[in-house]
Each structure stands twice: as structure tokens, then as C-alpha cells.
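Reviewing the structure listed below.
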Amino acid sequence: MLSYAILTACGFICCALALNAWRLIIGPTTPDRIIAVDTMYINSIALIILLGLYQGSASYYEGALLIALLGFVSTSAFCKYLLRGDIIE
Amino acid sequence: MTVFLEAVVSVLLVLGSIVMLVGSIGLAKFPDYFTRLHAPAKSSTLGVGCILIASMIFFSVQLGHVNFKEALISMFLLITAPVAAHMLAKAGLHYKVNMKDNTQNQQLAKKAYLHQSPDEK
Amino acid sequence: MDKVRKFIWFPTPYHSILLWLVWQILHDFSRGHMVLGAVFAIVIPWIVAPLSEKEPVAKNPLTVLRYTFRLLFDIVLSNYDVAKRVLQSNRSLRPAFIAVPLAINEPLPLTIFTSSVSLTPGTVSVELSDDRQWLYVHVLHLEDEQQLINLIKRRYEAPLKEIFGC
């Protein structure tokens, strides 16, 4: 039962990633593309956790933690760039 | 692993992934920038939270001791998701993205762009 | 020259406890790491505490717990709300900007307040006015402006004022 649930969840999240990629490609403005990238980060955290569950290995959470940290930092750097036109003031 | 726990983990996984899918559909479907911002900001916390709780239960049973590591990630996301949404909204306001035509109180967006109070001229 | 700072053993006790707990969670509560984490939890605040300004501390832990559970419940509600709007057609959507008058001014309660507004059904906080008197909020589907402002003030601002006592 669990392996079927993991595969179903993987399917849903891959659909979500495809939709985000679509928004990343067509997104009319730059901020739209930033939202798409941010959502892709969050979806990939879920995908890595699912991979860890599928392989039964508890050490994948470190990758997920790193992606969460880097995703937040990169989103705020992009936003700062749009707000000021400069990353470091 | 008992059947009951396995069922709980499976339901949480499917529920979390459905929530994330709904958020991404909202991102793809909504008409303008600010409405698009709503969907990922809300679904990311609950969706990843459900999947992480499922993973926490699974590994606590499998390793035989209590495992809170995934809870750290969900706490981190709970703190950062609204901050990221706020910064994205500020960036969109600064970029002067187009709004949906029937958005009410569009004059407030100009006030917010200038950091003024609404009754200031 | 400024005065010699008085030495305090635990400048920020809550942060020390948090640091120790996170260290234990990351290392599965082994005994050696309990000692190492305790050393870090004591030494790091000595170095870092002079850098930060004094922040208000929560007065009543019980109300903090109640506020957290209310927030978690509202996150579930807001996901249901977004799912409902996603399934409807885009033409029935009526987005709006509203301005919420603020009664709290200090940075930490204000941050928690704006974050709670962003996580709750149908609202995202957009911008703060320079005098910190107004919060601009984007609403996904607005029915009644005054009612929504009252709801936000009653449900999130009043408990925060009670918690931080400002």
C-alpha cells in the first residue's frame, strides 16, 4: 500500500513541477518567474523526501534541509535585486 | 510496521501531494500576479508539512527511536514561506505588474508603492 | 568610549534552549552531543547577544500555544479556500487591496502579525506604510471590506497585543 501511495504522490508532484515549469516559460513578467522558481524549490523538497521514503533511507532529509535554506535565500536575493537593482547595498 | 500506521502515512502522503498540486494549478491558472502569489504561499506550508510528518512517522517506526529531524524543515518553511511571499509581493508592487481589471481599490496600490498612509495626498 | 558591558551568563535564555534543542534533534539525542550542545548554547549567546537589540518577550506561554494552534487551523482553512477558488472560474474572482490600521509598532510582533496575515484565508500582506500605521493587504476574493478588517484585527492583532503586552 505504501509503495503505491509513494508512486501516486510522486506523480502528483511531477505534474505540479510541470505546471511550474510552464509558468516559468510563459510567465509574462520577471516576478512571475521568481514565484515559479520558488514553488519549484518547495516541490523538489517534497520529491526528495519521497525518494528517501521509497529507498527507506533516513539521510535524505539533509538534502531537503539544504534545498529549503538555499531556496529561501535565493528568493530573497532575487526580490532584493528587483527592489533595489543591486544585491549588496 | 502495522497496517494502521501504514495507512496513516499513505493518506498523509497523498493528501500533501494533492495540496501541492492544487497550489501549482493555482499558480498556472490565476489571472494576474497578485492572485498568483496566493496559491503557492499557502499550499507550500501545508503540502510539504503533510509529507514531512508522514516521513517522520515512517522513520520513527523504522529506526525504532523518535525522529524529529523533518519537523525542523517544516518549522523552517512555516517561518520562511510568508516572509518570501511578502518580499515577492513587494517586488511585484515595485515592478508595477498589471492587475486584473476588476481589482477593487487600485488607488491603494499606488499608496502602498509610495509607502504612504491611505488618507495622505 | 562606551561603558564596559556587564557580563551576563545567559543573555538570551530562550535562544539558548532553542539552540540546544535543535542541536539535539540534529544528532539524535546522543550523550556526547548533549554536552557539546550545552557548550554551544552557553558560549554562542555571549558572542552574539551584543549584536542584537532588545526584543519584547512573550508574557504568557499559554496564549502563545493557543495562538499557534489557531494559526495551524487557519492554514488548513486557507488551503481549502484556495482549492475552492482554483476550481471556480477566473471571472467570478474579485481581488482587492485593503488597508488595515495597525495598533502594534514593535518589530517582532509586527513580523508575526504580517506573517499570520499571509498564511490565513485569502490574504497576503503586501507593504507597510513608512509610519507603521497601516498594513496594505491583497485579498483574493473580497466580499465585505469592513468585516474583513475587523476579523483580522480581532483574530490576530488582539491576541498578539495580549501576548506581548504592548
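The values are calculated or read from the model by the stated rules, or taken from the named source; none is laboratory data. These figures come from a predicted structure and were not determined experimentally. Don't worry about glycine lacking a Cβ; one is built from the backbone with ideal geometry, like all the others, and counts go over all protein chains shown.
Just for the range C:113-166: of the residues that are facing chain B (nearest Cβ under 7 Å) and among the polar types (S, T, N, Q), which one is surrounded by the fewest Cβ atoms within 10 Å (Cβ to Cβ)?
Ranking the qualifying residues of the range C:113-166, first place goes to C:133.
If residue B:44 satisfies every condition in (1) within 13 Å of the chain's Cα centre (by Cα); (2) more than 7 Å from chain A (Cβ to nearest Cβ); (3) among the small types (Gly, Ala, Ser) but one, which is the exception?
(2)
Quick one: in the range C:90-112, which of the residues that are of a type in the set (Gly, Ala, Ser) and either at the interface with chain B (Cβ under 10 Å from one of its Cβ atoms) or touching a Cys at 6+ places or on another chain (Cβ under 7 Å) (or both) is farthest from residue B:28 (Cα to Cα)? Talk me through it step by step, then tell me what you get.
Looking only at the range C:90-112, we keep the residues that are of a type in the set (Gly, Ala, Ser), and these are C:92, C:96, C:99, C:103.
Still in the running and either at the interface with chain B (Cβ under 10 Å from one of its Cβ atoms) or touching a Cys at 6+ places or on another chain (Cβ under 7 Å) (or both): C:96, C:99.
Details: C:96: 20, C:99: 28 Å.
Selected residue: C:99.
Quick one: which residue in B:76, B:30 is more than 8 Å from chain A (Cβ to nearest Cβ) and either under 17 Å from the mean Cα position of the chain (by Cα) or at pLDDT below 90 (or both)?
One residue alone meets the criteria, B:30.
Quick one: would you say residue C:72 is free of Cβ contacts under 8 Å to residues at least 24 places away in the same chain, part of a helix (DSSP H, G or I), of a type outside the set (D, E, K, R) and within 10 Å of chain B (Cβ to nearest Cβ)? Full working, then the answer.
Details: free of Cβ contacts under 8 Å to residues at least 24 places away in the same chain: yes; part of a helix (DSSP H, G or I): yes; of a type outside the set (D, E, K, R): yes; within 10 Å of chain B (Cβ to nearest Cβ): yes.
The answer is yes for residue C:72.
Check off (1) closer than 28 Å to residue A:31 by Cα; (2) more than 10 Å from every other protein chain (Cβ to nearest Cβ); (3) touching a helix residue (DSSP H, G or I) at 6+ places or on another chain (Cβ under 7 Å) for residue C:64 and give me the number that stays unchecked.
(1) is the only condition that residue C:64 fails.
Go through (1) at the interface with chain C (Cβ under 10 Å from one of its Cβ atoms); (2) part of a helix (DSSP H, G or I); (3) within 30 Å of residue C:92 (Cα to Cα) and name the single condition residue B:100 misses.
The number of the failed condition is (2).
From the list A:56, A:11, A:71, exactly one residue is at positive phi and either surrounded by fewer than 17 Cβ atoms within 10 Å (Cβ to Cβ) or at the interface with another protein chain (Cβ under 9 Å from one of its Cβ atoms) (or both). Which is it? Steps first, answer last, please.
On the way: A:11 fails: at positive phi; A:71 fails: at positive phi.
Residue meeting the stated conditions: A:56.
Give all pairs with beta carbons closer than 7 Å in which a residue from the range C:110-136 that is in the same structural domain as residue C:86 (by TED's automatic domain parsing) meets a residue that is in a loop (DSSP other than H, G, I, E, B) and crowded, with 22+ Cβ neighbours inside 10 Å; count only pairs at least 6 apart in sequence or on separate chains.
Pairs that qualify, where the first residue is in the same structural domain as residue C:86 (by TED's automatic domain parsing) and the partner is in a loop (DSSP other than H, G, I, E, B) and crowded, with 22+ Cβ neighbours inside 10 Å, are C:122/C:140.
Test residue C:142 against the stated conditions and say whether it is more than 17 Å from residue B:41 (Cα to Cα) and either in contact (Cβ under 8 Å) with a residue 40 or more places away in the chain or assigned to a helix (DSSP H, G or I) (or both).
Details: more than 17 Å from residue B:41 (Cα to Cα): yes; either in contact (Cβ under 8 Å) with a residue 40 or more places away in the chain or assigned to a helix (DSSP H, G or I) (or both): yes.
Here the answer is yes, as residue C:142 does meet what is asked.
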